[in-house]
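Undergrad: My structure is below; once you've seen it, I'll send some questions.
The values are calculated or read from the model by the stated rules, or taken from the named source; none is laboratory data. Please read these numbers as outputs of a predicted model, since none were measured by experiment. Glycine gets a Cβ as well: all are built from the backbone with ideal geometry, and neighbour counts include every protein chain shown.
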Amino acid sequence: MRFLGDGNDGAVWESDRQTAIKSLERRDSYIRERDAYLRLQERSIVEIQGFAIPILVDFDDTKQIVEMTVVFPPCILDFAKAYVDQSPDFSAEVIRDWREETAELFDADWDKVESLLDELECIFYFDAKPGNIRFSA
């Protein structure tokens, strides 16, 4: 398997089946990621506004591993900090600060990112950064 990258929540490898295998370190991150992909699968959502979203292939609750299709930009990745069907229990101030910081990260593309996040509907996505929402390769 070829190493694709890592972050705060885990590491990702490309399998010989041309899928991505993500191993998550923390149980809560794994559950959020798994549940977000299950909800996207349930609603047959594979792209939003032209941004590809990986499709869940398999998961293992014991090993805390999620297998998904490999996607290319434009795309949305990494749902380990997403909340399904409920917003996180953050204060209004924390949400405001997050929005301001995220808007700065995306600068002129913030309106597009904000529209993508709104269209996710039942998934509250709180890891919007250029490495996870990619406009081009």
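Undergrad: List every residue pair whose Cβ atoms sit under 7 Å apart, with the two residues 6 or more apart in sequence or on different chains, where the first one lies in the range 1-28 and is under 19 Å from Gly131 (Cα atoms) and touching a residue at least 12 places away in the same chain (Cβ under 8 Å) and the second, anywhere, is of a type in the set (Val, Ile, Thr) and outside any strand (DSSP E or B).
TA: Final answer for the pair search is Glu14/Val70; Thr19/Val70; Ala20/Val70.
Undergrad: Give all pairs with beta carbons closer than 7 Å in which a residue from the range 51-70 that is without any contact (Cβ under 8 Å) to a residue 24 or more places away in the chain and under 13 Å from Glu33 (Cβ atoms) meets a residue that is of a type in the set (Ser, Thr, Tyr) and surrounded by 15 or more Cβ atoms within 10 Å (Cβ to Cβ); count only pairs at least 6 apart in sequence or on separate chains.
TA: Final answer for the pair search is Leu56/Tyr37.
Undergrad: Do any strands (runs of 3 or more DSSP E) lying entirely in the range 13-88 carry at least 2 residues that are surrounded by 15 or more Cβ atoms within 10 Å (Cβ to Cβ) and of a type in the set (Gly, Ala, Ser), and which ones are they?
TA: Filter on the range 13-88 gives 19-24.
Undergrad: Look through the range 107-122, keep the residues that are over 16 Å from Gln49 (Cα atoms) and at pLDDT 90 or above, and return whichever of them is surrounded by the fewest Cβ atoms within 10 Å (Cβ to Cβ).
TA: Within the range 107-122, the match that is surrounded by the fewest Cβ atoms within 10 Å (Cβ to Cβ) is Ala108.
Undergrad: In the range 24-56, which residues are among the small types (Gly, Ala, Ser) and under 18 Å from Asp118 (Cα atoms)?
TA: Those that are among the small types (Gly, Ala, Ser) and under 18 Å from Asp118 (Cα atoms): Ala36, Ser44, Gly50, Ala52.
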